Amino acid sequence: AWAAAGMIAPASESDISDPRLTRLALASHALYPEWIRYIERLSGMATGYDRTGTLFIALERDHLALLERLERFQLERGLRTERLSAAGALKLEPALSPSIAGALYLRDDHQVNPRLLLRALAAALASAGGAVVEHSRVRRVELDEDRVTVHVQRQNADDVIEAEQVVLTTGAWPAGAWSSAIEAPVAPLPSRPIKGQILRLRGERLLRHVVRTPEVYLVPRDDGELVVGASMEVQGFDARTTAGPVYELLRDAEEVLPGMRGLELAECSTGFRPTLRDHLPAIGSLGSERLFIATGHFRSGVELAPVTARLLAGVICEGKEDPLLETCSPMRFSAPEGSS
């Protein structure tokens with residue numbers, strides 16, 4: 001999440017997303033405003049939540065066909081969308097390239113600053129009587145009839161945490177590529193890390209809206225930061241920032257926003273998206289009333305945060321199985337009995 005751009009944008013990717021993921025994203029989108037108000041009230045901290053909307057830009061005539069397809073999918077799913085001419089888009093965002101071919105205005109796509117949100121979440125948790133333990137590493141999870149035992153390494157000492165119920169929310173387990181890091185009582189999920197490189201520029205604020213093209217997205221912040229992302233690489237855990245993807249991101253960003261050439265390149269960072277085989281998350285019980293999971297959110301971790309919390313709270317606190325959980329059951333990868 002520290003590397004993420006923070007787009008809450010179910011409309012922008014409705015043409016390429018699994019319809020089940022779009023339904024999950026729309027449910028989360030509906031929860032976001034109240035969730036943010038709650039977190040900001042508990043923490044007393046801002047999260048950078050912004051409801052200005054997104055401009056999806058066509059840079060050339062061939063892109064207009066992509067916009068038409070995206071618009072059709074959005075309308076089929078009941079999403080608000082508005083077709084803009086090039087002049088209409090430039091009226092909203094004068095700093096865009098004057099050679100753009102047109103745009104879609106997606107008023108219902110929002111954004112949040114994940115770094116501010118993470119700080120606010122920790123403060124909100126503390127204000128509610130919880131605690132965040134940092135600089136620790138989970139080594140082993142043991143499941144008994146009446147408890148879950150988590151073995152943790154803190155600096156040079158080992159510790160044991162016992163709880164009635166535990167939710168595993170890291171990409172580190174039991175998602176395949178990470179499974180060797182933690183011993184646990186269930187089989188790993190079919191997962192791999194998808195590397196993403198993302199840039200942060202600083203300087204004069206050139207945009208008011210999130211801007212997307214078929215190749216790149218640009219997310220403006222109130223403090224003058226401009227997030228440019230993001231690459232999609234199957235490179236294992238190679239955490240290096242490399243010249244090729246950085247060059248391509250800057251090239252594609254400049255094509256739609258020429259003025260970004262004068263901004264400071266403040267940060268190049270890398271993150272790993274925990275990705276399951278079907279690109280849907282795993283949320284729910286791991287076959288026990290004590291052990292639960294929320295992982296495999298791929299590119300939608302920030303976007304799906306409130307609905308993930310709501311679904312888990314329903315199961316853990318109220319014993320309610322929301323129909324949305326059928327989409328993301330962690331047991332869907334288990335082989336049926338009698339199969340080889």
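The values are calculated or read from the model by the stated rules, or taken from the named source; none is laboratory data. This is a predicted model, so every value here is computed, not measured. Cβ coordinates were reconstructed from backbone atoms using ideal geometry, including for glycine residues, and neighbour counts include every protein chain displayed. The accessibility values were calculated without ligands, DNA or RNA, using every heavy atom of the protein model including side chains. Shrake-Rupley method; radii C 1.70, N 1.55, O 1.52, S 1.80 Å.
Of everything in the stretch 44-78, what is of a type in the set (Ser, Thr, Tyr), under 18 Å from Arg212 (Cβ atoms) and either part of a helix (DSSP H, G or I) or open to solvent by 20 Å² or more (accessible area, probe 1.4 Å) (or both)? Give them in sequence order. Across the stretch 44-78, the qualifying residue is only Thr52.
Regarding Leu265, is this residue more than 28 Å from Pro19 (Cα to Cα) and open to solvent by 60 Å² or more (accessible area, probe 1.4 Å)? Here the answer is yes, as Leu265 does meet what is asked. Being touching a residue at least 24 places away in the same chain (Cβ under 8 Å) and either touching a Leu at 6+ places or on another chain (Cβ under 7 Å) or open to solvent by less than 10 Å² (accessible area, probe 1.4 Å) (or both) narrows it down to one of Leu304, Leu286, so name that one. Going through Leu304, Leu286 in turn, just one is touching a residue at least 24 places away in the same chain (Cβ under 8 Å) and either touching a Leu at 6+ places or on another chain (Cβ under 7 Å) or open to solvent by less than 10 Å² (accessible area, probe 1.4 Å) (or both): Leu304. For beta carbons closer than 7 Å, sequence separation of 6+ or different chains, a first residue in the stretch 81-94 that is under 16 Å from Arg212 (Cβ atoms) and in contact (Cβ under 8 Å) with a residue 60 or more places away in the chain and a second that is open to solvent by 60 Å² or more (accessible area, probe 1.4 Å) and part of a helix (DSSP H, G or I), the qualifying pairs are Thr81/Leu75.
Can you say whether Ala65 is at pLDDT below 95, more than 25 Å from Lys195 (Cβ to Cβ) and of a type in the set (A, V, I, L, M, F, W, C), as far as the supplied structure shows? Answer is yes for this residue. Counted as qualifying within the stretch 224-307 are the strands (runs of 3 or more DSSP E) with 1 or more residues that are within 16 Å of Gln197 (Cβ to Cβ), namely 225-229, 264-276.
In summary, Asp18 fulfils each of the numbered conditions (1) surrounded by fewer than 17 Cβ atoms within 10 Å (Cβ to Cβ); (2) free of Cβ contacts under 8 Å to residues at least 12 places away in the same chain; (3) within 19 Å of the chain's Cα centre (by Cα) with the single exception of condition (2).
In the stretch 310-323, of all residues being without any contact (Cβ under 8 Å) to a residue 40 or more places away in the chain and either in contact with a His (Cβ under 6 Å, 6 or more places away or on another chain) or aliphatic (A, V, I, L, M) (or both), the one that is surrounded by the most Cβ atoms within 10 Å (Cβ to Cβ) corresponds to Leu311.
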